[in-house]
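Here the structure comes first, spelled out in structure tokens, and everything after it is commentary.
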Amino acid sequence: QVQLVESGGGLVQPGGSLRLSCAASRSIFNIYRMGWYRQAPGNQRELVATLTFTSGGITNYADSVKGRFTISGDSTKSSVYLQMNSLKPEDTAIYYCNARNFERLYWGQGTQVTVSS
């Protein structure tokens, strides 16, 4: 069974940076979109950023992260990354990656990001 595994989370001070990575345990065929979502305590899971490979790499960002976060990825490696700069305490959450092909949606287990001084 294919698993998505996130890494790169941790504790960082406000204004700092982190780079999250997500890779599949084995190749996922015909991926057309990968993305990052986050869930803070007491909140619903929300979209952070998506990358659509079939449209030449169209990206979509939540307004709260535009200009600070950058998503990138490689569908041939079933991998997606999230560069997070100028982090704020309100970015604290568990970050999840997902991957879609035409058969199903895959989710990772999440990685904790904590922004605190």
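The values are calculated or read from the model by the stated rules, or taken from the named source; none is laboratory data. Values in this document were obtained by computation on a predicted structure and should not be read as measured data. Every residue, glycine as well, gets a Cβ built from its backbone with ideal geometry; the counts of neighbours run over all protein chains shown. Calculation scope for accessible area: heavy atoms of the full protein, side chains included, ligands and nucleic acids excluded. Shrake-Rupley method; radii C 1.70, N 1.55, O 1.52, S 1.80 Å.
Annotations for the structure displayed:
- Top of Glu90, Glu46, Glu103 by mean-square fluctuation, Gaussian network on the chain, Cα under 10 Å: Glu103
- Reciprocal of mean inverse Cα separation for segment 2-63 (Kirkwood radius, Å): 13.7 Å
- Computed on the Cα atoms alone, the convex hull of the chain gives a volume of 94 cubic angstrom per residue.
- Summing charges over all other residues whose Cβ lies under 15 Å from the Cβ of Ser55, with Lys and Arg as +1 and Asp and Glu as -1, gives +2.
- Formal net charge of residues neighbouring Val115 (Cβ-Cβ distance under 10 Å; K, R +1; D, E -1): -1
- Top of Ala49, Ala93, Ala62 by mean-square fluctuation, Gaussian network on the chain, Cα under 10 Å: Ala62
- Scattering curve values for segment 42-100, log₁₀ I(q)/I(0), Debye with Cα scatterers, q = 0.18 Å⁻¹: -0.66
- Average accessible surface area per residue within segment 76-117, 1.4 Å rolling probe, Å²: 51 Å²
- Where both bridge residues fall in the chain, DSSP classifies roughly 90% of the beta bridges as antiparallel.
- DSSP loop trypsin sites (Lys or Arg not before Pro) with at most 13 other Cβ within 10 Å excluded, longest remaining stretch of the chain: 27-65
- Mean sequence separation of contacting Cα pairs (under 8 Å, at least six apart), scaled by the length of the chain, corresponds to a relative contact order of 37 percent.
- Exposed loop sites are taken as chymotrypsin sites (Phe, Trp or Tyr not before Pro) in a DSSP loop (any state but H, G, I, E or B) with at most 15 other beta carbon atoms within 10 Å; the longest stretch of the chain without one runs 33-101.
- Computed from the C-beta positions of Trp107 and Asp63, the FRET efficiency with R₀ = 25 Å rounds to 0.60.
- Springs join every pair of Cα atoms under 10 Å in this Gaussian network model of the chain, and among Gly16, Gly42, Gly57 the largest mean-square fluctuation is at Gly42.
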